[in-house]
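In what follows, a structure is listed as structure tokens, so that the remarks can point back to it.
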Amino acid sequence: MGKTHFTMIRGFHLADWFTMGNAFCGMGAVLLTMAFLQTHELHLLLLAAAGIVLALIFDALDGRIARWRQRQSSFGRELDSLADVISFGVAPAALAYGAGMQGLWDCLVLLYFVGCGVSRLARYNITAEALSEEAGKVTFFEGTPIPSSVLLVVFIAAAAWFGHISTSLYFGSITLGPWQWHPLVLLFALSGSLMISKTIRIPKL
């Protein structure tokens, strides 16, 4: 009976392990950001950003490996989407919060960003099969792929490197009603909106 406990893990393909690497890097970035908020040691925030970039490398490799070994599956697609939610949705939002976008309006925008990322992936998963049947494979993305959030991560890392985080965030802060917000967070609103756009179609390589 003990042999059946880890049947699912033993059934992982090589590409699935790379997908798990993606998820581990994303969660590691969240934990590093939390550590930064406790210690204010800048290198922790930079390591968090590097973890998200590393997650992107794992994300690129898992698809290539799956195609190379011809082991693409519905399980792998679902696993990839869940990992992407962590690494390119939750982790960048946590990084933004750690960098200083901590007003209530900021938090609402970051929640919107993550919600857009989750919705984007859910839409992709339910349409991928239909698109594959029509063209033999998925030929385009509707909306920008969620890994595009890495551009925001690189921007925040650069801002951190040059000391423009916390109270020194680019564009400062604005008090709107009883709460504060930082105009920089609008980049996350824009990124999320582009993800859920139905008019933007990006060829899938």
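Taking the Cβ-Cβ separation of LEU111 and ARG64 as r and a Förster radius of 30 Å, what is the calculated FRET efficiency to the nearest 0.05? E(calc), rounded to 0.05, equals 0.35.
Taking amide H as placed 1.01 Å from N in the peptide plane, the amide H of SER197 sits under 5 Å from that of THR144, each at least 5 places away or on another chain. Model label points for ILE174 and TRP17, set 7 angstrom from Cα along the Cα-to-Cβ axis, are 5.1 nm apart. Working from label points 7 Å from Cα in the Cα-to-Cβ sense, the PHE155 to LYS198 distance is 2.7 nm.
All of the numbers you see were taken from the coordinates with simple rules; none came from a lab. It should be emphasised that the depicted structure is a prediction, and the values quoted were computed from it without experimental measurement. Positions of Cβ are generated from backbone atoms using ideal geometry, with glycine treated the same way; all protein chains shown enter the neighbour counts.
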